1. If we keep just the residues of the range 56-74 that are of a type in the set (A, V, I, L, M, F, W, C) and within 32 Å of the chain's Cα centre (by Cα), which is surrounded by the most Cβ atoms within 10 Å (Cβ to Cβ)?
2. Say we look at the range 147-201 and pick out the residues that are touching a Ser or Thr at 6+ places or on another chain (Cβ under 8 Å) and of a type in the set (Ser, Thr, Tyr); which of these is surrounded by the fewest Cβ atoms within 10 Å (Cβ to Cβ)?
3. I'd like the full set of residues that are more than 20 Å from Pro26 (Cβ to Cβ), not in a loop (DSSP other than H, G, I, E, B) and not hydrophobic (A, V, I, L, M, F, W, C), limited to the range 71-91.
4. Across the range 1-44, what is the total count of residues that are under 27 Å from the mean Cα position of the chain (by Cα) and modelled with pLDDT of 50 or more?
5. Among the helices (runs of 4 or more DSSP H) contained in the range 118-212, which hold 2 or more residues that are farther than 25 Å from Ser310 by Cβ and in contact (Cβ under 8 Å) with a residue 24 or more places away in the chain?
6. Specify the residue that is nearest to Glu334 (Cα to Cα); the eligible residues are those in the range 465-507 that are part of a strand (DSSP E or B) and among the hydroxyl-bearing types (Ser, Thr, Tyr).
7. Only one residue in Ser94, Ser142, Ser123, Ser100 is polar (S, T, N, Q) and within 22 Å of Leu270 (Cβ to Cβ), so which one is that?
Amino acid sequence: MNRIFLVGTLLCTALGTLAQAELRMPSLFGDHMVLQRDQENRVWGWAPGESEVTVAIAGQSVSAKPGEKGRWEAVLAAIPTNAEGLEMTVTAGSQSLKFSDILVGEVWVCSGQSNMQWSVAQSYDPDLEALTAKYPQIRFISVPQVGTQEIQDDFVGQWEACTPETVVNFSAVGYAFGKQLHQTLDVPIGLIDNAWGGSAAEAWVRRDVLEADPDYTDYIAEWAKKEESWDFDAQMKRWKEQTAKAKAEGKRAPRQPRDAMKGQHRPGNLYAGVLHPIIGYGIRGTIWYQGETNAARAWNYRKLFPMMISHWREEWGQGDFPFYWVQLADFQAEVDTPGDSNWAELREAQSHSLKLPNTGQAVIVDIGEGRDIHPRNKEDVGKRLARIALARDYNYDLVYQSPTYDSMAVEGKVATLTFKNVGKRGLYAFDRRDVVGFAVAGEDKVWHWAQGQIHGANQVRVWSDAVATPVAVRYAWATNPVANLTNWEGLPADPFRTDDWQVTTQK
């Protein structure tokens, strides 16, 4: 069907005027969309102020009255799984909209930064993936990158069926996740991608929420100062002059500047630009891959990340919907001696966030790439997220948690570590019989690599001849850890530390 879309940061202002003239709905609602099965679903749009709006689908009809700026909202009763295709008719006075080929199944949001945005075309075996991507019941919709402080209510986009042509540009992690769900559940899958490469977690939170928290006073003040002095026109003018000079001298041109006011770091920008337009759409849950940009503020992430999750859930009004994330992968050069790492601290902050209900974490310190912050193996990332969802939300008897540190006992120079979530067959040392990746320290807080051996199904004994009496143990505590402890199902152990000593990003 034909629609009128207004592009840019003036969208919200213009909608108020447009809504008075015509019946319209945001891009989330359209041909080929997927509605979340077995739960109530909100539908909304804009209509002339005095017209009652009626929405009809699957034998039900609900009505609503336009309110402020012509916005209306209705709630559909739960609809069971439907893979055949439904029609929705929306009427207001003499105006009407009609959407077709609507499926009803499982809907997930795919969000975060570049490793979630990373497309199938950029990942391993894109040619083979495209050849087999013939899944008409998997549907995609992507939100364009609009960074703004002005709350957006819509975006330019449309639902598309998964084909060899459409899959290559969609999130590789999101696709791998959705494909596994579809093949297992045999129901339609809807995937909403609003990821933005390089994004900071602070940008995904409504700005006034951060402003009201004393822990972010300095951070907001820094941005306020930057906003006050920002002159992008001057930057562009200077860049053009430098580019012309470089060209004349046969040198490489400088990189074109980016407008930070419209970017993915500014507090609240992504909440307003790419999250708010989809808030309220019926979903099963969210998968998230982000954290690289926040590594320098890892200690603060212990608060920020769970706050962001709770904030999204509150805004959505759908209870504690599932929120599953990917822990940071291994990256950069391997180190010769154990020590500190802000990426290790960020991973700890991610694990710390599992205290929230209905959360899960995919550990991937075994499938990253030292030379590239964007590991190409997205298939296994998506599958590990799918394990969590299939076990927790769809009641499949699957091992989905990584081995997790539980307790430590020390006898002489040997520390015995006990783990939980060790799977159905217990712990396993990948590639070799001994366990690597452990470091121990004594009272002097000096770290030494340790030897390790699995003991029984759920314990590892570690020691170092350089430490007579260990008081603390760390595992995989590095940006690019060399570590091999897994369960027999192949899920790597969650990196951890037993100490509470001050870390590099802690203030």
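The values are calculated or read from the model by the stated rules, or taken from the named source; none is laboratory data. The structure displayed is predicted, hence computed values, not measured ones. Methodologically, a virtual Cβ is constructed for each residue, glycine included, from the backbone with ideal geometry; neighbour enumeration extends over all protein chains shown.
1. Within the range 56-74, the first condition is being of a type in the set (A, V, I, L, M, F, W, C), and the residues that meet it are 56-58, 62, 64, 72, 74.
Keeping just the survivors that are within 32 Å of the chain's Cα centre (by Cα) gives 57, 72, 74.
On the way: Ile57: 21, Trp72: 24, Ala74: 18.
Selected residue: Trp72.
2. Thr148
3. We begin by selecting, within the range 71-91, every residue more than 20 Å from Pro26 (Cβ to Cβ); these are 77-78, 80-85.
Okay, now just the ones that are also not in a loop (DSSP other than H, G, I, E, B), so 82-85.
Correct list: Asn82, Glu84, Gly85.
4. 20
5. Working: elements: 126-132, 172-185, 207-211.
Output list reads 126-132, 172-185.
6. We begin by selecting, within the range 465-507, every residue part of a strand (DSSP E or B); these are 472-475, 485-487, 492, 496-497.
Narrowing the set further to residues that are among the hydroxyl-bearing types (Ser, Thr, Tyr) leaves 475, 486.
Values: Tyr475: 14, Thr486: 20 Å.
Out of the qualifying residues, it is Tyr475.
7. On the way: Ser94 fails: within 22 Å of Leu270 (Cβ to Cβ); Ser123 fails: within 22 Å of Leu270 (Cβ to Cβ); Ser100 fails: within 22 Å of Leu270 (Cβ to Cβ).
Sole residue among the options that is polar (S, T, N, Q) and within 22 Å of Leu270 (Cβ to Cβ): Ser142.
Condition check ((1) surrounded by 20 or more Cβ atoms within 10 Å (Cβ to Cβ); (2) under 17 Å from the mean Cα position of the chain (by Cα); (3) aromatic (Phe, Trp, Tyr); (4) modelled with pLDDT of 95 or more) across all residues:
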position: Lys262; (1), (2), (3), (4): no, no, no, yes
position: Arg266; (1), (2), (3), (4): yes, no, no, yes
position: Ala272; (1), (2), (3), (4): yes, yes, no, yes
position: Leu275; (1), (2), (3), (4): yes, yes, no, yes
position: Arg284; (1), (2), (3), (4): yes, yes, no, yes
position: Tyr289; (1), (2), (3), (4): yes, yes, yes, yes
position: Leu304; (1), (2), (3), (4): yes, yes, no, yes
position: Phe323; (1), (2), (3), (4): yes, yes, yes, yes
